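The values are calculated or read from the model by the stated rules, or taken from the named source; none is laboratory data. Model, not experiment: these values are computed from the prediction. Note: ideal-geometry Cβ built from the backbone for every residue, glycine included; neighbour counts use all protein chains shown.
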Amino acid sequence: MANSLFFHSSLLFFPFVLYSFTVMRWTLFIDADDTLWENFTYFEAARDRFLDWMEKAEFVRDEVNVTLSRIDSERTHEIGFGSMGYREAMRRTMLFFYEKTGRKKTSKDTALLDEIQRSVHLHSVELYPGVADTLQYLRERYPLFLVTKGVEDEQSGKVERADVAGYFKDIFVIPDKTPEHYRELMNKLNISPDESWMIGNSPRSDINPPAEIGMGTVLVKKERAWDFEEVPLKHNGRFHEITDFRQLKEIF
């Protein structure tokens, strides 16, 4: 859709859907990565492999790690999220250190980056305990929509491997999660924020932006998370914090 802030997954759904449903008190929007299934650990494993490689090349591991974190946070605004974006962050980090020492990037370096990117792109997807039962419980009571950010083919592939499409009325893959993206989503579905809740693990993406436009929010708190996503909470009072997806049954 030209000039649209988001698109729904064309691999799973036909475009230009006419939405028609009765709001049963609430409409629920649910995040995917690290809310329904593990994702962050695969990026951590990718980071460790890259740091191992750079350490063998006699660079200081901690220095490389700090630089990678900085470049990774910076590149999200430039080239978006996903495994290819992370590969680019690693490539830029590698070149930063290589150029300081006059080292030349080789085909082995490129092969490593490609292999790491594929491992993240195609990682296995296994739902957290109780997610399937909880989604079934929720879909019998409310309209559910999956809202995930990133690259369409990568995110759609995870949805297919997780086999969760049947729980949702539609799936939206958006390049980022900002108040503007959530407003456009509300407009597209012809619902108001005060009828809606966003559920996810990221304060930056799943809590603060939807809360800013008046949506209710539920933070599924994780012990470990990407530093980029960890920012101070700015909820609007319609807020719950849980540690297990199954606790949604107690809220809704």
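Listed values, structure above:
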{"quantity": "Flag if S205 is at negative phi, modelled with pLDDT under 95, in contact with a helix residue (DSSP H, G or I) (Cβ under 8 Å, 6 or more places away or on another chain) and of a type outside the set (D, E)", "calculated": "yes"}
{"quantity": "Selection within segment 76-85 - closer than 21 Å to T41 by Cβ and either exposed (fewer than 15 other Cβ atoms within 10 Å of the Cβ) or in contact with an Asp or Glu (Cβ under 7 Å, 6 or more places away or on another chain) (or both)", "calculated": "G82, S83"}
{"quantity": "First in segment 117-128 and at pLDDT below 90, second anywhere and assigned to a loop (DSSP other than H, G, I, E, B), Cβ under 8 Å, 6 or more apart", "calculated": "H121/G82; H123/N39"}
{"quantity": "Enumeration of residues in segment 189-204 that are closer than 14 Å to R25 by Cα and of a type in the set (S, T, N, Q)", "calculated": "S192, S196"}
{"quantity": "Pairs, first among the basic types (K, R) in segment 178-199, second surrounded by fewer than 21 Cβ atoms within 10 Å (Cβ to Cβ), C-beta under 6 Å, six or more apart", "calculated": "R183/I213"}
{"quantity": "Any pair with Cβ under 6 angstrom, 6 or more apart, that starts in segment 52-68 at a residue that is touching a residue at least 12 places away in the same chain (Cβ under 8 Å) and ends at one that is among the polar types (S, T, N, Q) and surrounded by 17 or more Cβ atoms within 10 Å (Cβ to Cβ)", "calculated": "T67/T93; L68/T93"}
{"quantity": "Hey, S196 surrounded by fewer than 17 Cβ atoms within 10 Å (Cβ to Cβ), over 30 Å from V66 (Cα atoms) and more than 16 Å from the chain's Cα centre (by Cα) or not", "calculated": "no"}
{"quantity": "Selection count where residues are of a type in the set (G, A, S) and surrounded by fewer than 18 Cβ atoms within 10 Å (Cβ to Cβ), scope segment 86-107", "calculated": "2"}
{"quantity": "D163 vs. criteria within 22 Å of D34 (Cα to Cα), exposed (fewer than 14 other Cβ atoms within 10 Å of the Cβ), in contact with a Leu (Cβ under 9 Å, 6 or more places away or on another chain) and not aromatic (F, W, Y)", "calculated": "yes"}
{"quantity": "When residues of segment 166-191 are limited to those that are closer than 15 Å to T148 by Cα and among the β-branched types (V, I, T), the one modelled with the lowest pLDDT", "calculated": "I174"}
{"quantity": "Tabulated pairs, segment 205-219, first more than 16 Å from T27 (Cα to Cα), second part of a helix (DSSP H, G or I), C-beta under 8 angstrom, 6+ apart or interchain", "calculated": "S205/E229; P209/P179; P209/H181; P209/Y182; E212/P179; L219/P203; L219/D206; L219/I207"}
{"quantity": "Inter-residue pairs, beta-carbon under 8 Å, first under 9 Å from G200 (Cα atoms) and in segment 24-41, second acidic (D, E), 6+ apart", "calculated": "D31/D206; T35/D206"}
